[in-house]
Amino acid sequence: MTTARLDRIAVVVDDLDTATAQLSEVLGLQFVVLEVDAMGLRVAIGESGLELVEKTRDEVDIERVWRGEVASLEVRVDDIDAAVAAMNRIGYEVDHSLVTPGGVQKVQMGHAMGGLPTLLYHVPAGASYVEAVTGRSADQERYEAYTPTFDSPAAS
Amino acid sequence: MSTAAPEPRLHRIALAVDDLADVAAEITAAFGGDESDTAPDTGGGPGRAGRAETPWIGAGYELIAAGDQRSEDRPDSPLAGLVFAVADLDAATARMLAAGATVVADEVIDGAREVRFDRAVAGLPITLRAGTSAN
C-alpha cells in the first residue's frame, strides 16, 4: 500500500495578486507566481500547501476538471504508479498527466472520490516543493513562461 | 508578521460531500490507513459548531456532510475549510480579526484548539489550528 496524504489544494480566485497579498499580510504565506501560458493560467505556489489559480483567458481547457472554486486536491504519494493502480482498482481512470519543468509527475484522476478533482503527485525526498516543481531556486521570487509537458492529448 | 514565525502549513482540507461514508471508504481503499488513522475526530457530532453530522478525518481530508457545510453562495464548491497549523494561534487570530474576519467557531479538534473564520480573508474559509506540525 502506498503512503498518501491530501497535502495541497489549488483554489481558483478572480484576482490572484490581491489574494496572495492579503494572505501574505495576514498569515505570512509566501508564494511564487508562475505564468503558465500553455494552460492559460497564472498559478501561485509555495510551501504552505495552498495554491491559487487565476485564469488569463475566458475559457481554459483544464476547467473541465475543476469543481467550483476547487481546481485540484493534490494527494502526495510515495509511489505514483502504485497510487494510480490503487485508484484504478476502485474504478477511477487517469484523466491526464503532466511533468513539471523540475521533473515532478502529476497525475490528474478527474472527478474521483465523490466528484472531487483529485490529483496525485510525487516529490523526491529532500526537495522543496517549489524547487521540485520548477527546477529552479526557491529564492527567485517570480517565474515566467512556466510550461509543463503533457503526456496526454486530453489536456493539450 | 514577525519574520521569526514559521510559515503556516496546511494541516487538512475540509470538503463537503454528498455521501460521507462512501467517500471515506474510497479514500481508505485508495490511500490506506486503518480505523485508528481514519476514525472520526472527537470534536465532531451535533455538538460541533454548525454541523449536524460527525465529520470524518483521515489522510489529510476532513469530510463534512454537504447539508452541513456547503456554502450558500458557492453551491458548486466542495470547499468547506482550509485548516492551517500556526505556531501562535492567538497572534494569528488577532491578525485575522484585524483583517475583518469573523470567528465562526472556536473548538478543540483532535486535541488541538482550532478557530474557524468566515471567508473575509482572500475569500477563503480559513481555520487556524494551534501547532506547527502538518500532521
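The values are calculated or read from the model by the stated rules, or taken from the named source; none is laboratory data. Keep in mind that this is a model prediction, so the values were computed, not measured. Glycine also receives a Cβ, built like all others from the backbone with ideal geometry; neighbour counts cover every protein chain displayed. What goes into the accessible areas is simple: the full protein's heavy atoms, side chains included, and nothing from ligands, DNA or RNA. Shrake-Rupley method; radii C 1.70, N 1.55, O 1.52, S 1.80 Å.
To keep it simple, each residue is scored yes or no on (1) more than 12 Å from the chain's Cα centre (by Cα); (2) facing chain B (nearest Cβ under 8 Å).
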position	(1), (2)
A:E25	yes, yes
A:V33	yes, no
A:A38	yes, no
A:I62	no, no
A:R67	yes, yes
A:D78	yes, no
A:A83	yes, yes
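Hey, among the residues in region A:34-62 that are farther than 30 Å from B:A85 by Cβ and of a type in the set (G, A, S), which one's most open to solvent (accessible area, probe 1.4 Å)?
A:A38
Would you check which residues across region B:19-45 are more than 12 Å from B:W56 (Cα to Cα), at pLDDT below 90 and acidic (D, E) and list them?
Answer for region B:19-45, where residues must be more than 12 Å from B:W56 (Cα to Cα), at pLDDT below 90 and acidic (D, E): just B:D34.
Condition first: aliphatic (A, V, I, L, M), buried (at least 20 other Cβ atoms within 10 Å of the Cβ), at pLDDT 90 or above and outside any strand (DSSP E or B). Can you find one or more residues in region A:120-129 that meet it?
Within region A:120-129, none of the residues are aliphatic (A, V, I, L, M), buried (at least 20 other Cβ atoms within 10 Å of the Cβ), at pLDDT 90 or above and outside any strand (DSSP E or B).
List the number of the failed condition for B:V108; all other conditions in (1) of a type outside the set (D, E); (2) part of a helix (DSSP H, G or I); (3) open to solvent by 10 Å² or more (accessible area, probe 1.4 Å) hold.
With respect to (1) of a type outside the set (D, E); (2) part of a helix (DSSP H, G or I); (3) open to solvent by 10 Å² or more (accessible area, probe 1.4 Å), B:V108 is out only on (2).
Within region A:83-119, which residues are among the hydrophobic types (A, V, I, L, M, F, W, C) and part of a strand (DSSP E or B)?
A:L98, A:V99, A:V107, A:M109, A:A112, A:L116, A:L119
Just to verify a result, which residue in region A:97-119, among those that are on the phi > 0 side of the Ramachandran plot and either more than 10 Å from chain B (Cβ to nearest Cβ) or buried (at least 23 other Cβ atoms within 10 Å of the Cβ) (or both), is farthest from the chain's Cα centre (by Cα)?
Per the criteria, the residue is A:M113.
Need the failing condition index for A:L27 against (1) touching a strand residue (DSSP E or B) at 6+ places or on another chain (Cβ under 6 Å); (2) open to solvent by less than 20 Å² (accessible area, probe 1.4 Å), just the number.
(1)
Go through the residues of region B:88-97 one by one and say whether even a single one is under 12 Å from the mean Cα position of the chain (by Cα) and either more than 8 Å from every other protein chain (Cβ to nearest Cβ) or at negative phi (or both).
No, the conditions are met nowhere in region B:88-97.
Rundown of residues vs (1) at pLDDT 95 or above; (2) of a type in the set (K, R), yes/no style:
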position	(1), (2)
B:E62	no, no
B:A65	no, no
B:R70	no, yes
B:P78	no, no
B:L89	yes, no
B:A94	yes, no
B:A99	yes, no
B:A105	no, no
